[in-house]
1. Could you tell me which numbered condition residue 282 fails, if it satisfies all but one of (1) free of Cβ contacts under 8 Å to residues at least 40 places away in the same chain; (2) part of a loop (DSSP other than H, G, I, E, B)?
2. Please go through the stretch 230-257 and give me each residue that is touching a Ser or Thr at 6+ places or on another chain (Cβ under 9 Å) and surrounded by fewer than 20 Cβ atoms within 10 Å (Cβ to Cβ), ordered by number.
3. Taking the condition of being outside any helix (DSSP H, G or I) and without any contact (Cβ under 8 Å) to a residue 24 or more places away in the chain, how many residues in the stretch 80-110 meet it?
4. Out of 261, 273, I need the residue that is farther than 23 Å from residue 310 by Cα, in contact with a helix residue (DSSP H, G or I) (Cβ under 8 Å, 6 or more places away or on another chain) and at pLDDT 90 or above. Which one?
5. Pick from 242, 255: which is assigned by TED's automatic domain parsing to the domain that holds residue 317, more than 16 Å from the chain's Cα centre (by Cα) and at positive phi?
6. Quick check, is residue 318 assigned by TED's automatic domain parsing to the domain that holds residue 103, in a helix (DSSP H, G or I), free of Cβ contacts under 8 Å to residues at least 60 places away in the same chain and not charged (D, E, K, R)?
Amino acid sequence: MPEEPDVASSSAVPAPPHCRNCGSVAAGAYCSACGQETRTRLPTFMQFMRDAAGRYVALDGKWWKTLGALIVRPGLLTREYIAGRRRRYVRPSRLFLVASLLLFAVLRLEIEFGGVDFIRIDDDRSATSRDRKPGASTGSDASGTSTPTAKAGAPANADAGSAPDAAKKPGAAMEIDDKFDIELGEAADSVPALKQRIAHFNRLPGRERVAQLTDGTLRYGPYAMFLLLPAFAALLKVLYLGSGRRRPGRPRLYGEHLVFAAHNHAFLAFLVAAAIAVPLAPVRAALLAWVPVYLLWSMRVVYGGRWSGTFLRALMLVIAYSVLFGLATAGLIIVAVLLR
């Protein structure tokens, strides 16, 4: 008589583990289908911080390989990424993020501990230069710094609002002179809070203006870089519009231009950070001289074509991007003044 199967023993056999993410059988530490780890317990504080920082700052073999290719082999990382060989290198978005954070960290340390002023304002203001502005005269604060004062009989902070209408440019929202004095036009003259903030900034001594502008620029600078990155990619898209028909292998999708932009911005951020950190003038000059060569070389490697066409497109790209960079810089100055 055949023996009946032992129901108790068969039910005691554990079922194969399944991935919580995709449901596939996952016997190891990671799922072979989706790659998620099979250990789903909540992390401790140290594990949480290691996961947060390790992905960005851990200088493992992949980082060193990526940095070497980024600095000395222009265009290679973009070509490799577009070709699908991505596992061996750091992703362009992560590379751009780390490079941006490093650049502004170096700038912050250099300014605070190196005593470097990237924005200089002369504290000694002559009455002649101040008399160019209608409705304001020159006074002196406790530190001896020349500052604007209101006209007699007019309330404080009224130098911008009490100026004759003929001296204001119709429709001009804001003007900044070489002393970083800001004047409001008719478009913004009706906002009392804005007028008060600008008048307060105009009364600050020169050194305080330097500190406020520098601090605001470094605080909001990374946001400007993240806005300039897609703009750079859009310029590339326009410059190479329609050229993919003659050269099928040339990048034509916006995402491909964005990858190229991320790699070049990361290179520029790393190089500028190194140039600021290195105190030797010849080394700084050599690093900065490598920038235009790198841009031309990387465009030639990624997009192909003749050197003459590459040079012409690079020149147009630099001109257009310089305009955008100037607008972003002006925006940073305004934000640094208004959001203090």
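The values are calculated or read from the model by the stated rules, or taken from the named source; none is laboratory data. Predicted, not measured: the structure shown is a model, and the values here were computed from it. Cβ atoms come from the backbone with ideal geometry, glycine included; neighbour counts cover every protein chain shown.
1. Among (1) free of Cβ contacts under 8 Å to residues at least 40 places away in the same chain; (2) part of a loop (DSSP other than H, G, I, E, B), residue 282 violates only (2).
2. Across the stretch 230-257, the qualifying residues are 250, 252.
3. Of the residues in the stretch 80-110, 6 are outside any helix (DSSP H, G or I) and without any contact (Cβ under 8 Å) to a residue 24 or more places away in the chain.
4. After applying the criteria, what remains is 273.
5. 242
6. For residue 318, the condition - assigned by TED's automatic domain parsing to the domain that holds residue 103, in a helix (DSSP H, G or I), free of Cβ contacts under 8 Å to residues at least 60 places away in the same chain and not charged (D, E, K, R) - is met.
Rundown of residues vs (1) at pLDDT 90 or above; (2) not in a loop (DSSP other than H, G, I, E, B), yes/no style:
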position: 22; (1), (2): no, no
position: 28; (1), (2): no, no
position: 35; (1), (2): no, no
position: 43; (1), (2): no, no
position: 47; (1), (2): no, yes
position: 50; (1), (2): no, yes
position: 70; (1), (2): yes, yes
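Yes/no matrix, rows are residues, columns are (1) surrounded by 14 or more Cβ atoms within 10 Å (Cβ to Cβ); (2) over 30 Å from residue 200 (Cα atoms):
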site: 276; (1), (2): yes, yes
site: 280; (1), (2): no, yes
site: 320; (1), (2): yes, yes
site: 325; (1), (2): yes, no
